[in-house]
Amino acid sequence: MCFGPLKRVCHWGPLIALGIIKSVTFSTVVCLSQWWPPQGSVGGKLVFLSFAVSAVLTLFFFLQAMLTGPGALPRGWRPDKESDVKFLQYCAACQGYKAPRAHHCRKCGQCVLKMDHHCPWINNCVGHRNHGSFTLFLLNAVLGCAQATVILAICIYHAIHRTWYVYYGSGREPRVYLGQWAIVACMFVLGLAIGVVLAVGMLLFFQVRAILRNRTGIEDWILEKKATRINILGVSVNP
Ligand SMILES: [Zn+2]
Ligand SMILES: [Zn+2]
């Protein structure tokens, strides 16, 4: 049984996400420490530092987005001015009115402020309070996995084709020694890193677009639904 903040983590989404963050970070650090060790040169230090910053920030913003939460309306909420009630929707589940831009999340069982969507990977909603940290998590995950993709691909190449390297025999050849299963594991992690760059990169694009438009995912969906209904009725829609 999980209690408190652990309740958020004890779910397939955060557990898989943390597993991906850990395996990409671990494999990349192991490969990088052989291929371009940070103690060897300034370039090695910079590459290591750059990846380490992305990895730490990814984990930090992931935990912040998950544990801070989106901000919820108190149960039974009513506006200060009773006359405003006519502008608001009523939430039967929370026995209260929905503030503007708030929506009820069935998974979280509460009305969420400026709700964007319920994200299974953080096992929480994305909304008013955690939209910033969620977007920074996506940004750092894409940056970190893009670096991991390049580093892992180069290291796997060197681990397989050690003797073909141009510096072979010169004393400057890279020392990437990976066993058979380590190469297979690194290939699997490389696939994960590429998947994160593509899938999370797309999600990041939609989040940045939502921020620039100041329109949440749910509001986009409501507008699309409205446009579809108007189209079905044969009325022209303004862009
Ligand atoms: Zn509600
Ligand atoms: Zn939710």
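The values are calculated or read from the model by the stated rules, or taken from the named source; none is laboratory data. All values derive from a computational prediction rather than experimental measurement. Here Cβ is always computed from backbone atoms with ideal geometry, including for glycine, and neighbour counts include all displayed protein chains.
Summed over segment 108-127, residues that are in a loop (DSSP other than H, G, I, E, B), away from ligand 1 (no atom under 12 Å from the Cβ) and within 16 Å of LEU67 (Cα to Cα) total 5. Quick one: in segment 79-105, which of the residues that are part of a loop (DSSP other than H, G, I, E, B) and away from ligand 1 (no atom under 13 Å from the Cβ) is nearest to the chain's Cα centre (by Cα)? By that ranking, first place goes to ARG101. Restricting segment 99-125 to residues that are closer than 19 Å to ALA17 by Cβ and touching a Ser or Thr at 6+ places or on another chain (Cβ under 9 Å), the residue that is nearest to ligand 2 (Cβ to nearest atom) is ASN124.
With the condition kept exactly as written, say whether any residue in segment 65-76 is part of a helix (DSSP H, G or I) and surrounded by fewer than 17 Cβ atoms within 10 Å (Cβ to Cβ).
So in segment 65-76, the residues part of a helix (DSSP H, G or I) come out as 65-68.
Those left that are additionally surrounded by fewer than 17 Cβ atoms within 10 Å (Cβ to Cβ): 67-68.
Yes, segment 65-76 contains at least one residue that is part of a helix (DSSP H, G or I) and surrounded by fewer than 17 Cβ atoms within 10 Å (Cβ to Cβ).
Among the candidates ALA148, ALA93, ALA102, single out the residue that is crowded, with 20+ Cβ neighbours inside 10 Å and not assigned by TED's automatic domain parsing to the domain that holds ALA17. Every option except ALA102 fails the conditions.
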